[in-house]
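Some notes on the structure that comes next.
The values are calculated or read from the model by the stated rules, or taken from the named source; none is laboratory data. Keep in mind that what you see is a predicted model, and the values were worked out from it rather than measured. We place every Cβ from the backbone using ideal geometry, glycine too, and count neighbours over all the protein chains shown.
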Amino acid sequence: MMKHPENDKEYIGLTVNAGVETLPNVNPYAAFHRKKRVLSAEEYVAGIRRGDISILGQAVTLVESNLPADQAIAQKVIEQCLPYSGGSIRVGITGVPGAGKSTFIEALGTELCKEGKHLAVLAIDPSSERSKGSILGDKTRMNELSTQANAFIRPSPSAGSLGGVARKTRETIVLCEAAGFDTILVETVGVGQSETAAHSMVDYFLLLQVTGTGDELQGIKRGIMEMADGIAINKCDGNNVERARASRVSFKNALMLFPPSESGWTPEVLCCSSIDHTGVKDVWNNIEEYIAFTRKNGYFDHHRTEQAKYWMYETINAALLNGFYQHPAMEKLIAKAEQHVLNNEISSFIAANELLDAYNNTKKTE
């Protein structure tokens with residue numbers, strides 16, 4: 001360290017300090033960017049059971065991950081949470097684009113939270129077919145609901161899943177129920193022929209429709225109408241009230257043409273406004289009436305048992321599909337077969353059968 005001549009004895013009364021030692025050039029905030037400690041399955045379950053939203057969110061991310069290591073822990077977490085699940089009312093909400101699904105969910109969810117219910121909203125955002133990315137903006141759109149202490153909003157990418165329902169939504173429902181949420185709303189991307197996936201994980205399936213866009217029944221598939229346990233005509237406000245009421249009559253007449261539902265329930269068509277909050281509580285009352293009705297006649301438990309069986313087979317199908325495409329020996333064979341089909345050297349069906357035979361023979365020798 002440099003010695004200052006001013007500290008010599010002849011300079012009585014004058015002292016110059018050595019100064020501050022120069023520190024290495026390191027980011028002072030680096031400590032905040034350390035890698036998070038990996039939790040064990042037991043720690044995840046304990047956090048979920050005590051209602052820790054942060055750990056619940058991490059567990060959902062784990063469930064959605066495709067990494068084998070993450071999936072191994074996720075399955076343990078789900079297995080340990082299963083005994084604490086099943087105690088919620090699960091409601092699926094679908095509808096045409098522009099029907100106001102997110103606005104309706106915020107209006108309904110805010111009402112439910114004010115009543116003391118613990119609400120989980122699993123909002124499914126469509127994934128891009130090109131980039132596979134999603135905006136995941138539902139939490140941003142639900143400004144009022146996101147401030148409620150007893151609400152949990154989880155946007156997830158559809159990732160090409162059937163019916164716009166995220167592949168792991170059913171497992172997420174189990175985690176949310178184990179965390180103490182008694183009401184779960186599942187918002188799907190929109191109306192499509194494959195909304196069976198959404199219907200197979202909820203107790204009540206709500207079709208949200210909007211009027212004033214031309215033929216209200218156009219584009220609504222019969223399958224969706226038959227699956228719906230209730231229909232709500234949204235945006236029944238301002239100059240649109242009369243048209244919404246007329247649309248309600250049209251839907252009621254259409255429902256009369258369908259055969260009776262397996263549950264024995266007659267779907268109701270209601271009008272509501274998510275902006276004015278009118279009729280929204282009537283929709284929830286209808287949901288509660290349906291739950292009470294199906295619990296009484298035994299369909300509620302029967303439906304959930306059928307759902308569990310459905311998802312067992314869906315999981316098997318997904319595993320077989322992934323096993324085929326991710327098998328190392330199949331990658332080159334698939335590429336060759338694809339090229340032969342493109343060159344018109346072989347038909348698609350023969351190529352598929354040859355690939356399946358090759359896969360089966362490979363699995364036998366393993």
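Side notes on the structure shown:
- Residue check, Ala254 surrounded by 13 or more Cβ atoms within 10 Å (Cβ to Cβ) and in a helix (DSSP H, G or I): yes
- Which listed residue, of Leu39, Leu62, Leu56, is surrounded by 12 or more Cβ atoms within 10 Å (Cβ to Cβ), outside any helix (DSSP H, G or I) and not charged (D, E, K, R): Leu39
- Each residue in region 181-206 was checked for being of a type in the set (A, V, I, L, M, F, W, C) and either modelled with pLDDT under 80 or in contact with a Pro (Cβ under 9 Å, 6 or more places away or on another chain) (or both), and 4 pass.
- Cβ separations smaller than 7 Å between residues 6+ apart or across chains give no pair from region 348-366 residues that are without any contact (Cβ under 8 Å) to a residue 60 or more places away in the chain to residues that are assigned to a helix (DSSP H, G or I) and surrounded by fewer than 11 Cβ atoms within 10 Å (Cβ to Cβ).
- Lone unmet requirement of (1) in contact with a Gly (Cβ under 9 Å, 6 or more places away or on another chain); (2) at pLDDT below 90; (3) aromatic (Phe, Trp, Tyr) for Tyr290: (2)
- Counting the residues of region 274-321 that are part of a loop (DSSP other than H, G, I, E, B) and within 30 Å of Thr110 (Cβ to Cβ) gives 5.
- Of residues in region 312-327 being under 18 Å from Glu354 (Cβ atoms) and surrounded by 12 or more Cβ atoms within 10 Å (Cβ to Cβ), the one modelled with the highest pLDDT: Phe324
- Filter pass, Ile73 being free of Cβ contacts under 8 Å to residues at least 40 places away in the same chain, farther than 19 Å from Leu122 by Cα, in a helix (DSSP H, G or I) and not assigned by TED's automatic domain parsing to the domain that holds Ala151: yes
- Highlighted here are the helices (runs of 4 or more DSSP H) found entirely within region 98-180 that include at least 1 residues which are at pLDDT 85 or above: 101-114, 143-146, 169-178.
- Single residue of Arg49, Arg90 found to be modelled with pLDDT of 90 or more, closer than 30 Å to Phe293 by Cβ and surrounded by 15 or more Cβ atoms within 10 Å (Cβ to Cβ): Arg90
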